[in-house]
Each structure stands twice: as structure tokens, then as C-alpha cells.
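These notes concern the structure reproduced below.
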Amino acid sequence: MRTTWLTALALSALGLAGTAGAEGGKPAASVVELFTSQGCYSCPPADDVLGEMIERRPRVVALEFHVDYWDDLVYGSAGKWKDPFSDAAFTARQRDYHGLGVEGRRGVYTPQMIVNGSRALVGSDRDALTRELAAASALPVDVFVDRTDDGFAVRLAGRYKGPAEIWQVDYIAFARTPVRGGENNGKFLRNHHIVTKMRHIGRWWGESPDLALAPPAGGATGCAVLVQEAGGRIVGAAYCPM
């Protein structure tokens, strides 16, 4: 993630809105990824839906990935807006989901939510999200994250044999950003659980590897662990206890 004066301003606005609902250290019931952009006019309602879910569903790991394909689009006299949280790696992640054939409202668009790496929907559709979460099967791998003196330790359990990759996802809990261009020119946007980095930390083969996580870095204030198949399906997750 690029560091700009806006990022610094957003970090100064960190609050409890992105953390009050998070159930740290315990296995998640589901994972919701929101692909969004501060340059997208229809994205703020989806950002709000994600924030509400974080507050009300502590066992859902909720993450915002800011894509970069809005950064160079010019919106009339307001010009363009480069989202300070955008990253080409997150655009690639969204395109990978489309290429892997996720079900539901497919495509590469914003706002888009992906549930458990396998079902896609319009990110602002609160009712559709509620239905997807109600219909989702339990994640077969239980992920536990414990505090240590210098970071976190990860334990996994379950009958699922894998293989699956294990990722540490660092995020900023909450940010409020003044937008000075593009479709959202003049607005103050609220974002939650903004992903800053993903790091591969191991592989699941049916037995728990001995894994250690470093504390969130680069301005991030929280982290989560995802266990994900090569086909995109997420089979386990948990927030880090912060």
C-alpha cells in the first residue's frame, strides 16, 4: 500500500468502529471480502454494510480490499482520485476470483463482496449478504490465534485434509478520509478493516503446522488469518486478538 498524507490523516482517525465487533483469536463462521474503491460513487453504501456487519457479526471475518482500476478514471471537472489504500495486488485477487469461476453475481466490479471465497454479490445488497451468510456451510478448519510475547501463534484443527494455503492479512481497523476528486469529490468516506498486506505463512495438510505471526506492520492495527484452497474456497479463518 502506498503511504500518502491522506493515509497519515486517515490513521489519525482510528477508532473503535472497526474493532468493537471483532471476535479475536476464535474460529470464524464465515469470511466476507469487499472489493471497493474511494473513487467509486456506489461504494460508500457497501462500505457501510461492511461496517455494520463488523459490529453485529463478530464471528464473521470482514475485510476491505481497495482495487486500483478507479485511480486513473477522470470524472468531469472533479478529475480523478487515487485511493490511498488501493493496490494492484488486490485488483489481481479480485480478477483471480472471477477467473476461478465464483458463483453468484460474477464479474470484476465495485462494490463486490465475496463470501467464503466462493459466492459473489453486489456489496451494497444487505439482504443478499444476509441470505448468503445464512446459507453458508461451516468452515471445515478451525483457526485459533493466540498472543505471544513478540506476536501471535496460530493453531489449526479439523478433519479437512487440504491442501490449502495459510495467509496473514494485515488491516487498518477504521479510517475516515476526505476525498478531493473523482466521483466522491467533497465527501468524507468511512472505511473498515482496510487490508494493507497479505503474507503467505504456511500450508495446511490436515495437521497443524507450527506457525508464528509477526505483529501487524506498516501502519496496520489488526490482522486475520485465512486458510484458502488454490481454487479460491476459504476453509478457515480467525481474527488476531488485538
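The values are calculated or read from the model by the stated rules, or taken from the named source; none is laboratory data. What you see is a predicted model; the values in this text were computed from it and never measured. Positions of Cβ are generated from backbone atoms using ideal geometry, with glycine treated the same way; all protein chains shown enter the neighbour counts.
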Given the range 144-242, what strands (runs of 3 or more DSSP E) lie entirely inside it while holding 3 or more residues that are more than 22 Å from ALA29 (Cα to Cα)? 164-178, 188-204
List pairs: first residue in the range 25-38 and in contact (Cβ under 8 Å) with a residue 60 or more places away in the chain, second residue assigned to a loop (DSSP other than H, G, I, E, B) and of a type in the set (Lys, Arg) anywhere in the structure, Cβ distance under 7 angstrom, at least six positions apart or on different chains. ALA28/ARG59; ALA29/ARG59
Selection within the range 49-96 - β-branched (Val, Ile, Thr), assigned to a helix (DSSP H, G or I) and under 17 Å from LEU226 (Cβ atoms): ILE54
With the structure loaded, tell me whether ALA136 is loosely packed, with under 14 Cβ neighbours inside 10 Å, at pLDDT 95 or above and among the small types (Gly, Ala, Ser) or whether it fails that test. no
If GLY236 satisfies all but one of (1) without any contact (Cβ under 8 Å) to a residue 60 or more places away in the chain; (2) closer than 25 Å to PRO140 by Cα; (3) crowded, with 17+ Cβ neighbours inside 10 Å; (4) under 15 Å from the mean Cα position of the chain (by Cα), what's the number of the condition it fails? (1)
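Conditions tested, residue by residue: (1) under 20 Å from the mean Cα position of the chain (by Cα); (2) without any contact (Cβ under 8 Å) to a residue 60 or more places away in the chain.
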{"site": "HIS98", "(1), (2)": "yes, yes"}
{"site": "ARG105", "(1), (2)": "yes, yes"}
{"site": "PRO111", "(1), (2)": "yes, no"}
{"site": "ILE114", "(1), (2)": "yes, no"}
{"site": "ALA134", "(1), (2)": "yes, yes"}
{"site": "ASP150", "(1), (2)": "no, no"}
{"site": "ARG155", "(1), (2)": "no, yes"}
{"site": "GLU165", "(1), (2)": "yes, no"}
{"site": "ALA175", "(1), (2)": "yes, no"}
Across the range 97-116, what is the number of residues that are out of contact with any Gly (no Cβ under 7 Å at 6 or more places or on another chain) and either surrounded by fewer than 19 Cβ atoms within 10 Å (Cβ to Cβ) or assigned to a helix (DSSP H, G or I) (or both)? 9
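Could you look through the range 117-132, keep only residues that are part of a helix (DSSP H, G or I) and touching a residue at least 24 places away in the same chain (Cβ under 8 Å), and pick out the one that is surrounded by the most Cβ atoms within 10 Å (Cβ to Cβ)?
Ranking the candidates gives LEU129 first.
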